[in-house]
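The values are calculated or read from the model by the stated rules, or taken from the named source; none is laboratory data. Everything numeric here is computed off the predicted structure, so don't read it as measured data. Using ideal geometry, Cβ is built from the backbone for each residue, glycine included, and neighbour counts are taken over all protein chains shown. In case anyone asks, the SASA skips ligands and DNA or RNA and just uses the protein heavy atoms, side chains included. Shrake-Rupley method; radii C 1.70, N 1.55, O 1.52, S 1.80 Å.
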Amino acid sequence: MATLRQFKPEEPWQAPEGEPLVRIENLTKRFGSFYAVDDVSLHIHQGEFFSLLGPSGCGKTTLLRMLAGFETPTSGRIFIDGQDVTDVPPYERPVNMMFQSYALFPHMTVADNIAFGLKQEGMPKAERQARVAEMLALVQIEKLAQRKPHQLSGGQRQRVALARALAKHPKILLLDEPLGALDKKLREQTQFELVNIQERLGITFIVVTHDQEEAMTMSSRIALLHEGRTEQVDPPRRLYEFPSTRYVASFIGSVNLFDGYVVQQDDDQVIVQCDEADSQLLVRHSQPLVPGMAVTVALRPEKVRVLSQLDADAPNQLRGVIKEIAYLGDVSIYHVELAGGKRVQFTQSNVQALAEQPLTWDEEVLLGWSANSCGVLTE
């Protein structure tokens, strides 16, 4: 899965002296006996595009609403720019929120929608008009200033909502599923525009999304939530390449999982016995593991190669028969059934318009991958 952002060797979250803009400490939100957010701690730095990712019901929107001040934590504290804002009302926090529904005023023009919050704050008219013009230009909707929301497309309404949220120049912009109402092509285009706007303004964006590709594309870091808790917090590439748990590996992208146990470890080379694959797999893993320990080997489909013959450079090799093929245009996904019945996925890029000798159903193949291409999960 490709990501849009490229980062310098040391980012704010890696610098020991870097003071986070947002500190969430042991935050819990309970509804009766149900824990929507369960003892979550996060540090988010100035200028980050930070995503809260997870399935419905994982607590991400509740966490965002507590940051905004719309929900009161059961316990824990929230600090913004060094100030404890846990009990501060929403209108006194240096944040603004863009809602999933956009929540535009239907009777107001685009310009008046953007100006509404500035007018409520008492900003002088001339300054207010200049700020509205700045926001219209920022999101490229100058020609729509006098239209009403019902005269706009979904993508245009999304831009108006973004402009209104940014007009007050908040320190932090909170976005709840901001692209959920857009079609796939427009959503992909808008992802790039959001990142460009965020980088230009330098405002910290905190986004809630259930779309892993959206989070991978836009984010500097992602917090993956599961049942109210954080499973892993990392930049997109690390989250994908080095998942910390079986849940993370399964949620982010596609993955083959082989259950087994450790046979032996020599330095950073681990041999794992996987009975379901009827094979021993060689994995590079730097942390010490105990022989007999139950582990899972995680292997991404794009790391698998089809071998024409036994290859010494691919220490992990399995034979199977192609049972399913999905053609997605740029890539094809193959499901291979091993002798014991377990299925393994691999992908191939469709470089040519029509391969000379395409793989087909019921064809026997030899799959191989290196020790560096897979990982060991202990949770």
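If I build a Gaussian network model for the chain, linking alpha-carbon pairs within less than 10 angstrom, which residue out of F49, F258, F34 has the largest mean-square fluctuation?
F34
Along Cα→Cβ, 7 Å out, is where each label goes; now give me the distance between the ones at H210 and S308 in nm to one decimal.
The two pseudo-label positions are separated by 4.7 nm.
Using every Cα-Cα pair within segment 123-273, state what percent have a distance larger than 26 Å.
Working: 4815 of 11325 pairs.
Here the long-distance tail beyond 26 Å is 43 percent of all Cα pairs in segment 123-273.
Most fluctuating residue of V297, V321, V208 in a GNM of the chain with Cα springs under 10 Å: which is it?
Checking each option, the largest mean-square fluctuation is seen for V321.
Hey, can you find the accessible area per residue of segment 255-377 for me, probe 1.4 Å, expressed in square angstrom? Walk me through the intermediate numbers first.
On the way: 6770 Å² over 123 residues.
Ligands and nucleic acids excluded, the result is 55 Å² per residue.
If you average 1/r across every pair of different Cα atoms in segment 22-246 and take the reciprocal, what Kirkwood value do you get, in Å?
Over segment 22-246, the inverse of the mean reciprocal pair distance is 18.1 Å.
Give me, ordered by chain and number, the residues 5 or more places off I252 or on other chains with an amide H under 5 Å from its own placed amide H.
Here nothing satisfies the definition.
When Rg is the radius of gyration of the Cα atoms in segment 255-377 and Rh is its Kirkwood radius, what does Rg/Rh come to? Intermediate results must be reported in sequence, preceding the final value.
Numbers: Rg = 15.1 Å, Rh = 15.1 Å.
Result for segment 255-377 is an Rg/Rh of 1.00.
Working from the pairwise distances between different alpha carbons, so that the mean of 1/r is found and then inverted, what is segment 171-226's Kirkwood radius in Å?
Every distinct Cα pair counted, the radius reaches 11.7 Å.
By how many degrees, 0 to 90 and rounded to 10, does the Cα axis of helix 125-138 deviate from the longest principal axis of the chain?
Result, in degrees: 20.
State the extension gain, in nm to one decimal, for the chain segment bounded by Y91 and Q129, taking 0.36 nm per residue of separation less the distance between their alpha-carbons.
11.5 nm
Any chance you could tell me what percent of the C-alpha pair distances in segment 202-255 go past 19 Å?
Counting every Cα pair in segment 202-255, those more than 19 Å apart make up 19 percent.
Would you mind computing, in nm to one decimal, how far apart the modelled labels at F79 and S153 are, each placed 7 Å from Cα along Cα→Cβ?
4.6
May I have the count of lysine pairs in the chain with C-alpha atoms under 22 Å apart, counting pairs 8 or more residues apart or located on different chains?
14
For a label point 7 Å from the Cα of F31 along Cα→C-beta, name the residues of segment 43-78 whose backbone N is under 15 Å from it.
So the set is 56-66, 70-74.
If you plug each phi of segment 250-263 into the Karplus form 6.51 cos²θ - 1.76 cosθ + 1.60 with θ = phi - 60°, what whole-Hz ³J(HN,Hα) values come out, in order, with x for Gly and Pro?
Along segment 250-263, the couplings run 6, 7, 8, x, 9, 8, 9, 10, 10, 7, x, 9, 6, 8 Hz.
Quick one: 3J(HN,Hα) in Hz for segment 314-319, Karplus 6.51/-1.76/1.60 with θ = phi - 60°, rounded, Gly and Pro as x.
10, x, 9, 9, 9, 9
Under 8 Å for C-alpha pairs, at least 6 residues apart: give me the relative contact order for segment 22-246, rounded to a whole percent. Please list the in-between numbers first.
Numbers: 423 pairs, mean separation 65.0, N = 225.
So the answer I get is 29 percent.
Of G117, I333, T378, which is farthest along the charge dipole of the chain in the positive direction, counting Lys and Arg as +1 and Asp and Glu as -1 at C-beta?
Towards the positive end, the residue furthest out is G117.
Taking every eigenvalue of the Cα gyration tensor of segment 98-207, multiplying by 5 and rooting it, what semi-axes result, largest first, whole Å?
Result for segment 98-207: semi-axes of 21, 17, 12 Å.
Volume per residue, Å³, of the convex hull around the alpha-carbon atoms of the chain?
For the chain, the hull spanned by Cα atoms encloses 184 Å³ per residue.
Debye calculation, C-alpha points only, no solvent: report log10 I(q)/I(0) for segment 195-335 at q = 0.11, 0.20, 0.21 Å⁻¹, in the same order as the q values.
With one equal scatterer per Cα and no solvent, log10 I(q)/I(0) is -0.56, -1.30, -1.36.
With the full set of protein chains in place, find how many percent of the accessible area of segment 176-246 is carbon and sulfur; take the probe as 1.4 Å.
Of all accessible area on segment 176-246, carbon and sulfur atoms account for 46 percent.
Quick one: length gained pulling Q46 to I325 fully straight, 0.36 nm per residue minus the C-alpha distance?
Answer, rounded to one decimal: 95.9 nm.
Hey, rough spin-label estimate for E227 and E363, points 7 angstrom out along Cα→Cβ, what's it come to in nanometres?
If labels sit at E227 and E363, their model points lie 4.3 nm apart.
With the chain treated as a Gaussian network of Cα nodes joined by springs under 10 Å, which of R164, R65, R30 yields the largest mean-square fluctuation?
With Cα springs under 10 Å in the chain, the top fluctuation among R164, R65, R30 is at R30.
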